[in-house]
1. Which residues, counting only those in the stretch 263-295, are more than 17 Å from residue 208 (Cα to Cα) and open to solvent by less than 30 Å² (accessible area, probe 1.4 Å)?
2. Any chance you could count how many residues in the stretch 233-244 are open to solvent by 50 Å² or more (accessible area, probe 1.4 Å) and of a type in the set (A, V, I, L, M, F, W, C)?
3. Cβ-Cβ under 9 Å, sequence separation 6+ or interchain: first residue in the stretch 242-266 and under 22 Å from residue 217 (Cα atoms) and modelled with pLDDT of 95 or more, partner aromatic (Phe, Trp, Tyr) and assigned to a strand (DSSP E or B). Which pairs?
4. Output the qualifying pairs, or none if there are none: Cβ atoms under 7 angstrom, residues six or more apart or on different chains, first residue in the stretch 178-190 and at positive phi, second residue modelled with pLDDT of 95 or more and not β-branched (Val, Ile, Thr).
5. For residue 82, which of the numbered conditions (1) modelled with pLDDT of 95 or more; (2) open to solvent by less than 40 Å² (accessible area, probe 1.4 Å); (3) out of contact with any Pro (no Cβ under 6 Å at 6 or more places or on another chain); (4) not in a strand (DSSP E or B) fails to hold?
6. Grab the strands (runs of 3 or more DSSP E) fully contained in the stretch 110-152, keeping just those with 1 or more residues being within 16 Å of residue 277 (Cα to Cα) and in contact with a Gly (Cβ under 7 Å, 6 or more places away or on another chain).
7. Mind listing just one residue for me: the one in the stretch 198-208 that is in contact (Cβ under 8 Å) with a residue 60 or more places away in the chain and not aliphatic (A, V, I, L, M) and, of those, farthest from residue 93 (Cα to Cα)?
8. For the stretch 255-262, state whether one or more residues are over 23 Å from residue 176 (Cβ atoms) and either crowded, with 21+ Cβ neighbours inside 10 Å or of a type in the set (Gly, Ala, Ser) (or both).
Amino acid sequence: MSGFTTFVINPAAGRGRVGQMLRRLETAIRQHARSSDIEITITQAPGHGIEVARSAPAGSRVVAVGGDGTVHEVVRGIAGSDKALGVVPIGSGNDFARMVGLHRLGLEAALQTALHGGIHTIDLGLVNNQPYGASLGIGFDAAVARKALSAPTFLRGMPRYLYSIFGVLKELELPTLELIQNGQTVYQGPSLLVALMNASTYGGGIPIVPDAVPTDGLISAAVAGEFSRLGVVGILPRLILGRHVHHPRLHFFRGAEFTARFDRPVPAHSDGELIEPATEYRVHMVPGGLKVIQP
């Protein structure tokens, strides 16, 4: 493993918090590492982090400074290589950092870990041949995220989230899903959402599949079946608290590969990043496919 470390800093992460910390971050990084052993790049636009991670030296460490979106870009840039992913979690959700035990680290501890922590492996998800690290959500939650993009700019935080939820509920028309696991149909019918997970949480700590393990070589899948508008409002608090697992319209599966087919294009998000709606999502797990830096 090379002694070189590339820091990929996303100034937009954490709702702009990282941008406000740039001077502090650069000073702290240089205090912990020799200048000849590091490169610091401030990303300029979506996708820039992928390019930076891809061009980092073979066998080096690539550290995402930001949230799940920043991590997602670095994962896409280093997947299939011998580079190791580090995380300094300063995002809104930090579900990837939560999955690998880094989300509670302060800045100094996170930098020390990124530079000097041990290299371990976790599984790597692929959706339609595109890498993801922690989560894939298809359906209602992705539609809410997409709706939030068109919310009035004065709405922030929870008001923006509620605006998006009720905007999607107003237009709610469930697609029909066929979920195939290893060639066998395991669910067929209307579906509110499908989560195909490496982590146990998404959306900033929502425990959608509490027993997911990122080192077992398996996707942990959750399907929410047919829900009315009122039913959605009722299940959301239970979902946030992790009390949804015994609901009769929630179904859970585990397997190395799944195909989710819909009767029309359905929106999705990968590690919280929106991807183009599709009628089919082919998902499989690469055991030990991603090197990560942990304490």
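1. Passing the criteria: 266, 267, 278, 281, 283, 285, 289, 290, 292, 293.
2. First, pick out the residues of the stretch 233-244 that are open to solvent by 50 Å² or more (accessible area, probe 1.4 Å): 233, 237-238, 240-241, 243.
Next cut, of a type in the set (A, V, I, L, M, F, W, C) only: 233, 240-241.
Within the stretch 233-244, residues that are open to solvent by 50 Å² or more (accessible area, probe 1.4 Å) and of a type in the set (A, V, I, L, M, F, W, C) number 3.
3. 251/187; 253/187; 258/281; 259/281; 260/281
4. Here the result reads 182/255; 182/257; 189/177; 189/225; 189/226, each pair linking the stretch 178-190 to a residue that is modelled with pLDDT of 95 or more and not β-branched (Val, Ile, Thr).
5. The single condition residue 82 does not satisfy is (2).
6. Working: elements: 118-127, 130-132, 136-139.
Once the strands (runs of 3 or more DSSP E) in the stretch 110-152 are filtered for at least 1 residues that are within 16 Å of residue 277 (Cα to Cα) and in contact with a Gly (Cβ under 7 Å, 6 or more places away or on another chain), what remains is 136-139.
7. So the residue we want is 198.
8. Residues of the stretch 255-262 that are over 23 Å from residue 176 (Cβ atoms), as a first pass: 256.
Remaining after also requiring either crowded, with 21+ Cβ neighbours inside 10 Å or of a type in the set (Gly, Ala, Ser) (or both): 256.
Yes.
The values are calculated or read from the model by the stated rules, or taken from the named source; none is laboratory data. Keep in mind the model is a prediction, meaning the values are calculated, not measured. All Cβ positions, even for glycine, are placed from backbone atoms using ideal geometry, and neighbour counts span all protein chains on display. With ligands, DNA and RNA removed, areas are computed over all heavy atoms of the protein, side chains included. Shrake-Rupley method; radii C 1.70, N 1.55, O 1.52, S 1.80 Å.
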